[in-house]
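Encoded as C-alpha cells, the structure appears first; notes follow it.
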Amino acid sequence: MRNIRTYTEVGPGGASIPEQVVAQGDRLAARLKDIRSVVGIASGKGGVGKSALTANLAAALASDGLRVGALDADLNGPSLARMLGVVGKRMVEGEHGIEPPTAAVGVRVVSMELFQDGEDAPLRWRGPEADGWVWRNVVETGTLRELISDVAWGELDVLLVDVAPGTDRIGRLLDLVPDPAALLLVTTPSEMSRRVVARSARLVREACVGKVGIVENMTSWECPNCNALTDLYEPAGPDLSGRDGIEKWGAVPFDPRLARSTDEGVPFVLSHPETPAALAIREIIARLLGELEAK
C-alpha cells in the first residue's frame, strides 16, 4: 500500500503549504503538456456501466493506433485495472515518475487497485476525526492530482479519466483539469438515472466545459435466437439530449457477455467486435474523435 503524500512531504524542505500547492500545480501542468486530450467519463450516478464503457473506449482507441492512457479516478471502488487485465502488475518508480502497467492492447493504466494488497481498502484516512470529511476530500483531491502529475504517462493522444460517482467528483476533476477536451456523461434510460445525470449536466455547463456528450447505456437487449432488440426500460424521465447544447453521442445495448468480458479483463469491443454493443461503442468513438479533431 503506497501512502499518499501530504503537503508537508511534497516540495522543497521547509517550504510553506502555499508554495507546495504551486509546486504541485506546476508538476501537473508540465505533465498535461504531453497529453493531447483529456476526456472524462462521468455520470454522477453509480451502476450505469461507466467503468466498462471507459475500458472498452480505451481498448478500441488503442487498437486503432492511438496512444491511450486510462486513469481510474474512483479511489474507493476501483475496477478499471481488472477490466483491462492488469491486476497483479506492479507500478514502479522510474526516472520520470511512476511507470504505469500496460494492458495487452497498449493502454497505460493507473488505478488504486494496483496499490492494494489483497482486499485492502484502497484509501484510508489517517488523521483527526473532527471535520474528517473535509480532510478526506483534501486527501482524495491530492491523490487524484498525484495520479496525473506523478505518473510517467509519456506522450498520449488521449487520457481517459473514469470519474467516481457523485457530482462533486466531477467538480474535483474540473478543478485539476479545467478545460478537458471532452466529457461524456453516462446514463441508463431509467428515470432515476436520468434525473441524477441531469444535475451533472447542469454542473458541467455552469463550468463552461466545451464538448459534452450523453451516452445511454444498457438501452436494449438483443435476443440470442432472433437478434431482435427489446427496450429494457420504459421511456421515462427528462430527455437529457438537446439541453444547453448537450447532445446524445450514442446508445449502447445491453449484452451479458460485456460484463463477463470485463470480469475476465478482456475488452468486449475486441473480443466481440461485430455485436451491436461493440458497434455502438465504435460509433461513440467516431463521434469523439470528430469532436477532438474539431477542437
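Just so it is clear, none of the values below were taken in a lab; they were calculated from the coordinates. These numbers come from a predicted model, not from an experiment. Here the Cβ positions follow ideal geometry from the backbone for every residue, glycine too, while neighbour counts run over all protein chains shown.
To make sure I understand, if each residue's beta carbon is the centre and we count other beta carbons within 10 Å, what order do Leu71, Leu292, Leu229 fall in, fewest to most?
Least crowded to most crowded, the residues run Leu229, Leu292, Leu71.
Quick one: which of 146-152, 270-276, 77-83 comes out on top by average Cβ neighbours within 10 Å, and what's the full order, highest first?
77-83, 146-152, 270-276
Asp72: net charge of surrounding residues, Cβ under 9 Å, Lys/Arg +1, Asp/Glu -1, itself excluded?
So the surrounding residues net to -3.
Let me check I've understood the local charge: for Glu222, count other residues with C-beta under 14 angstrom from its C-beta, Lys and Arg +1, Asp and Glu -1. What total comes out?
The answer is -2.
Which whole-Hz couplings ³J(HN,Hα) result when phi for each residue of the stretch 61-74 is put into the Karplus expression 6.51 cos²θ - 1.76 cosθ + 1.60, θ = phi - 60°, listed in order with x for Gly and Pro?
So the Karplus estimates, Gly and Pro as x, are 4, 5, 5, 8, x, 7, 8, 10, x, 10, 10, 8, 8, 8 Hz.
Considering only DSSP beta bridges where both residues belong to the stretch 15-294, give the percentage that are antiparallel (nearest 5).
Within the stretch 15-294, antiparallel bridges account for around 20 percent of the total.
Which three semi-axes in whole Å describe the equivalent ellipsoid of the stretch 15-294, each the square root of 5 times a Cα gyration tensor eigenvalue, listed largest first?
Working through the eigenvalues yields semi-axes of 30, 22, 19 Å.
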